[in-house]
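Working notes for the structure below.
The values are calculated or read from the model by the stated rules, or taken from the named source; none is laboratory data. Keep in mind that this is a model prediction, so the values were computed, not measured. In this analysis, Cβ positions are derived from the backbone assuming ideal geometry, glycine residues included, and neighbour counts consider all displayed protein chains.
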There are 2 protein chains.
Amino acid sequence: MIYLDHAAATPLDPKVLAAMMPYFSDDFFNPSAPYAPAIMVRRSYDAAKDTIGRAIGARGDDIIITAGATESINLAFSSIGGHVVTANIEHHAVLAAVKNFEHTIVEADSRAVVSAESIRQAIRPDTRLVSIALANNEVGTIQPLRDIAEVIKKERNARLARGDHTPIYLHSDASQGVGQLDVNVARLGVDLLTLNAAKVYGPKQVGLLWSAPFVELKPYIVGGGQERGIRSGTENVAGTIGFAKAMELASEHRGFESKRLMKLRDTMQKTLTDAFAKAVLSGHQRHRLAGHLHISFPGIDAERVLFGLENRGVLVATGSACAANKGTRSHVLNAIGLASEVADGSLRITLGHLSTDENCQQAAAIIIEEVTKEYARVGR
Amino acid sequence: MIYLDHAAATPLDPKVLAAMMPYFSDDFFNPSAPYAPAIMVRRSYDAAKDTIGRAIGARGDDIIITAGATESINLAFSSIGGHVVTANIEHHAVLAAVKNFEHTIVEADSRAVVSAESIRQAIRPDTRLVSIALANNEVGTIQPLRDIAEVIKKERNARLARGDHTPIYLHSDASQGVGQLDVNVARLGVDLLTLNAAKVYGPKQVGLLWSAPFVELKPYIVGGGQERGIRSGTENVAGTIGFAKAMELASEHRGFESKRLMKLRDTMQKTLTDAFAKAVLSGHQRHRLAGHLHISFPGIDAERVLFGLENRGVLVATGSACAANKGTRSHVLNAIGLASEVADGSLRITLGHLSTDENCQQAAAIIIEEVTKEYARVGR
């Protein structure tokens, strides 16, 4: 099996699982219980949040652990509210959350870039939140988040200058970037940040919302008052310990790993585009996640190729896993203006820990055979 | 170490962990991905929901997996809304969720029983939801849920008879009962049910909301549209598989285990009340969870006893873990009218898988010594 869908799910790193194991059995205590073994669990939990904090240049205290990125996004939106600005290539979680608020959706360009200028134009005097993912999960484009942060800073200063205290914050879902990019909240210039452990070789259904100390969050899931009263429910101790280990490993290996993946990706890209002159690459070709290769073969049915590849042990995606499952065309590919003939022939190939020189070469050869077969079938 | 706080947290059953393990590593795929290995994961996930369903006499399709009981309760309340009726001894999650709606809070009696009659009196023509936990998490009283269900059925029929189609539903958080009681949705007569894997030797931050097919749930966490669109976010595959195993084991062993725990509990209760004539037992003495023993030693400081016990390796609680952590007196003990002198001398002892004849005897002897020491210290 050659797994080329790391953007959809990642296997738990064995070191992550090893870190989690004691908290399933020996250290199972409720971190809110008053006796010493439970207090030790509470300390390990808080230390894990500090570790995650260090990885993103933040304090553990400013992190709310959630059940994944989707809940984190819902919490961010429900906390800030007001008029919201986002882009038409955002993840379904953002596009669904935005519907509960007055909103403006800006259009990304053909490379899936959301320009700071488009955000500037969309901001209104009552805009409180701008939400742009660090990197697009389908085509891999990395957004000019620092430029967008500058626009927001200017707007904030302009408001203050005229005595208007309406806050405006920048939120970013950096789930897809965290293993390959420097995700430092200060350097990115964000006020709220969403991360997902499951995208970085950590456990599923574990994520976080970081917010700057001056941002006031409002409880979304209410109850026992855990996570500073913002997110109730007995803490996911094992999951958070695993998340911390995953973040630690990501920080440690990011430099090496992103270079390695980029080399593998570029080689595969060259092999495939050399084989098919009409292949179309999507996403920004320079500002793109190292492991991402979004390639379309106009005129063929990617679904058929996907099943052909699967029969030969190569696992790729045609769109994001959520969209693919619903059998609808990807809203991202629509947004960047891919003709339907091109969009329908798209493969999303995402490399990661399971990718090697050898299996990428093998995969490229198999993809060429399967696409050639499909082109022959449709007589093109 | 002798663990007597099973109501706060339970260790993962080794069989549960074994069931989860493959889904951390080999079968890590996103269940929404389109290739066969992911489809197999989807099938295992759905089968796990069916297994959970069977344990409660329901269909897997009517179950929404959540990140624990608290989220499940929030989802139930936000879905149904309207005027809500609950009781003053309910869990913090219910008492917090109820604040977002018009509500009436009925008073439990001195044994922590919520009578069907008190519910009947609180129901208004616009009441849509009644939420009563199957068993109280502090004193262990089991509620007359079937009687309450009868009251609701009568109200529903009366409404229909006068052409009023305002729905009224019964929700119950059965998290504390599931390992020891028959939790069958039809026999309980509930329309919505909350469960928590962490209370039944399953993983933390995994729970569910079951609802009858005629109940319309509304999405609370929005996004990719998982769980029939009601609860978005990549599914917690390993957690749900573990939950299913835990429920299966609970169903299998419940008869034997509840008898075993009741015997251990009754013996401990007798030993302690024989030693201290002034000890006060709380909760209904017959309709009570088999493993629950809530006992107060008037005039002593339970916190001091708790630390004395902890030094000798015996772990008990003074109230629910959430409340204990905040250093406030338990709202349940207030609600059932315990004098503060009695309430402040309370220990919550909850037995479970880790309890044996031997360690319960040992624990009882140590508790007697520590309580005696404390009575001596305060000169009583």
Condition set aliphatic (A, V, I, L, M) and free of Cβ contacts under 8 Å to residues at least 24 places away in the same chain, scope the range A:22-46, selection farthest from the other protein chains (Cβ to nearest Cβ): answer is A:Met40
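If a residue counts only when it is of a type in the set (Lys, Arg) and in the same structural domain as A:Glu90 (by TED's automatic domain parsing), which helices (runs of 4 or more DSSP H) contained entirely in the range A:105-203 have at least 2 such residues?
A:145-161
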Being over 25 Å from B:Ile168 (Cβ atoms) and in a loop (DSSP other than H, G, I, E, B) is the filter here; which residues of the range B:204-230 pass it? B:Lys204, B:Gln205, B:Val206, B:Val222, B:Gly223, B:Gly224, B:Gly225, B:Gln226
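Is it the case that the range B:49-67 has a residue that's within 13 Å of chain A (Cβ to nearest Cβ), assigned to a loop (DSSP other than H, G, I, E, B), at pLDDT 95 or above and within 24 Å of A:Val41 (Cβ to Cβ)?
The answer is yes; a qualifying residue exists.
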Top-ranked residue of the range B:167-198 - restricted to ones that are modelled with pLDDT of 95 or more and acidic (Asp, Glu), ranked as surrounded by the fewest Cβ atoms within 10 Å (Cβ to Cβ): B:Asp191
So A:Glu71 ticks every box in (1) charged (D, E, K, R); (2) within 11 Å of chain B (Cβ to nearest Cβ); (3) surrounded by fewer than 24 Cβ atoms within 10 Å (Cβ to Cβ) but one. Which box is left unticked? (3)
Odd one out for A:Asn74 among (1) out of contact with any helix residue (DSSP H, G or I) (no Cβ under 6 Å at 6 or more places or on another chain); (2) of a type in the set (S, T, N, Q); (3) under 21 Å from B:Glu71 (Cβ atoms): (1)
Test each condition in (1) more than 18 Å from A:Leu95 (Cβ to Cβ); (2) out of contact with any helix residue (DSSP H, G or I) (no Cβ under 7 Å at 6 or more places or on another chain); (3) not polar (S, T, N, Q) for B:Gly229 and report the one that comes out false. (1)
Before we move on, is A:Leu272 buried (at least 19 other Cβ atoms within 10 Å of the Cβ) and over 18 Å from the mean Cα position of the chain (by Cα)? yes
Filter the range A:71-105 for residues that are more than 17 Å from A:Ile230 (Cβ to Cβ) and of a type in the set (Asp, Glu) and give the result. A:Glu90, A:Glu102
State whether the residues of the range A:340-354 include one that is in a helix (DSSP H, G or I), at pLDDT 95 or above and among the hydroxyl-bearing types (Ser, Thr, Tyr). no
Selection count, the range B:200-256, where residues are out of contact with any Gly (no Cβ under 9 Å at 6 or more places or on another chain), surrounded by fewer than 19 Cβ atoms within 10 Å (Cβ to Cβ) and within 13 Å of chain A (Cβ to nearest Cβ): 2
Pick from the range A:80-121, criterion within 14 Å of chain B (Cβ to nearest Cβ) and of a type in the set (S, T, N, Q), ranking: farthest from A:Leu217 (Cα to Cα): A:Thr86
